[in-house]
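Taking it in order: structure first as structure tokens, then the write-up.
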Amino acid sequence: MKDKYSNLVANRLAKAFLKNKIINPISKKYTKKLTNAQKFRKLCESKIKKPIIGFKAGGTGIPVIKKLKEKEPFYASVYKHNVLKNNKPVKINKYTLGIELEVCYILKKNFFKLKQKISKKNMNKFINYIAPCIEVVGYRQKKKGIKSFGDLCSDFGANVKFVVGPKKKFKNNNVNNLKTNISNSKIKQSVNGNTNTVYINPMNSLLFVLKKLQKDKIKHDKDFYVFTGSSVGVVPILGKGIYKGKIEKLGSVRTKIN
């Protein structure tokens, strides 16, 4: 996907990504099929010269995978300027899709020197920390809703900001079947969830991303985040104010939506 027109579209979307601007929707030829969306995402990411701090899994809800007739989730790069500390505010616009609550991991950079295939058996030794995280998702385009994973993937994975809660040293933490909740008490909005909605569970989602990084021969010279997907789905932001996410046994994370 290196034709002149695709490059022009990618430049336009990359500029919107960097400057927090909204543009007209890109052609459906980049979004209808996930394979094309992945190629276009990589083209867009090649235009960004800011440091990458990690990677995200997107489309991890199995019911959504089945509904949209996909075979698996997708992944996208996450840039350092879009990852915030706990309690930091996030500004939204009318094309923001919603807010999510996730388990995230911080992994050691020596993963990228691994010669053998990553697996459940050897994965744990690369995990340094675990933390709760809020992700605000949305487009850089004038469109709403999700018609395909390609919609999300092609637009930098649809990530707006990540707010990371207190980190814990990873000690083979069991994240199966943990209760989760995200709420805004000011407007009496509260949504319950469970970590098992995340592509079987967050560790399985993590493994999916690591396998994709190996397959795509991605290299990185620093410890990095992996954001594993929402345990509560995409929760509509019904009002501004403080949203607090809680993950059983893991902790809580907060952000102020402006």
**Study point:** Exclusive hit being farther than 18 Å from residue 91 by Cα and in a loop (DSSP other than H, G, I, E, B), set 249, 212
**Key:** 249
Practice item. Hey, can you tell me all the residues within region 17-63 that are assigned to a loop (DSSP other than H, G, I, E, B), out of contact with any strand residue (DSSP E or B) (no Cβ under 6 Å at 6 or more places or on another chain) and of a type in the set (Lys, Arg)? Key: 21, 32, 33, 47, 49
Review point. Hey, any hits in region 240-251 for a residue that's in contact (Cβ under 8 Å) with a residue 60 or more places away in the chain, more than 29 Å from residue 42 (Cβ to Cβ) and among the hydrophobic types (A, V, I, L, M, F, W, C)?
Key: yes
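Just to be sure, is residue 148 over 14 Å from the mean Cα position of the chain (by Cα) and among the small types (Gly, Ala, Ser)? Spell out the reasoning first.
Details: over 14 Å from the mean Cα position of the chain (by Cα): yes; among the small types (Gly, Ala, Ser): yes.
When the stated conditions are applied, residue 148 passes them.
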**Study point:** Filter result for the condition that a residue is in a strand (DSSP E or B), more than 14 Å from the chain's Cα centre (by Cα) and touching a residue at least 24 places away in the same chain (Cβ under 8 Å), over 172, 128
**Key:** 128
Revision key, fill the gap. If you go through 94, 66, 71, the only one that is assigned to a helix (DSSP H, G or I), without any contact (Cβ under 8 Å) to a residue 60 or more places away in the chain and either over 19 Å from residue 215 (Cα atoms) or out of contact with any Asp or Glu (no Cβ under 8 Å at 6 or more places or on another chain) (or both) is 66
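Quick check, is residue 42 surrounded by fewer than 16 Cβ atoms within 10 Å (Cβ to Cβ), more than 14 Å from residue 234 (Cβ to Cβ) and modelled with pLDDT of 95 or more? Don't jump to the end; show me each part of the working.
On the way: surrounded by fewer than 16 Cβ atoms within 10 Å (Cβ to Cβ): yes; more than 14 Å from residue 234 (Cβ to Cβ): yes; modelled with pLDDT of 95 or more: yes.
Yes; evaluated as a whole, the condition is true for this residue.
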Exercise for review: Only residues that are in contact (Cβ under 8 Å) with a residue 40 or more places away in the chain, surrounded by 13 or more Cβ atoms within 10 Å (Cβ to Cβ) and either over 20 Å from the mean Cα position of the chain (by Cα) or within 12 Å of residue 154 (Cα to Cα) (or both): list them for region 2-16, please.
Suggested key: 13
Review point. How about region 175-198: which of its residues are surrounded by fewer than 20 Cβ atoms within 10 Å (Cβ to Cβ) and either over 21 Å from the mean Cα position of the chain (by Cα) or in a strand (DSSP E or B) (or both)?
Key: 179, 181, 183, 185, 186, 187, 188, 189, 190, 191, 192, 194
Review point. Would you pick out the residues in region 37-59 that are closer than 19 Å to residue 163 by Cα and among the β-branched types (Val, Ile, Thr)?
Key: 52, 53
Review point. Taking the condition within 30 Å of residue 93 (Cβ to Cβ), surrounded by fewer than 17 Cβ atoms within 10 Å (Cβ to Cβ) and either touching an Asp or Glu at 6+ places or on another chain (Cβ under 6 Å) or in contact (Cβ under 8 Å) with a residue 12 or more places away in the chain (or both), does residue 236 pass?
Key: yes
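The values are calculated or read from the model by the stated rules, or taken from the named source; none is laboratory data. Keep in mind it's a predicted model, so treat the numbers as computed, not measured. With ideal geometry, Cβ positions are generated from the backbone for all residues, glycine too; neighbour counts draw on all protein chains shown.
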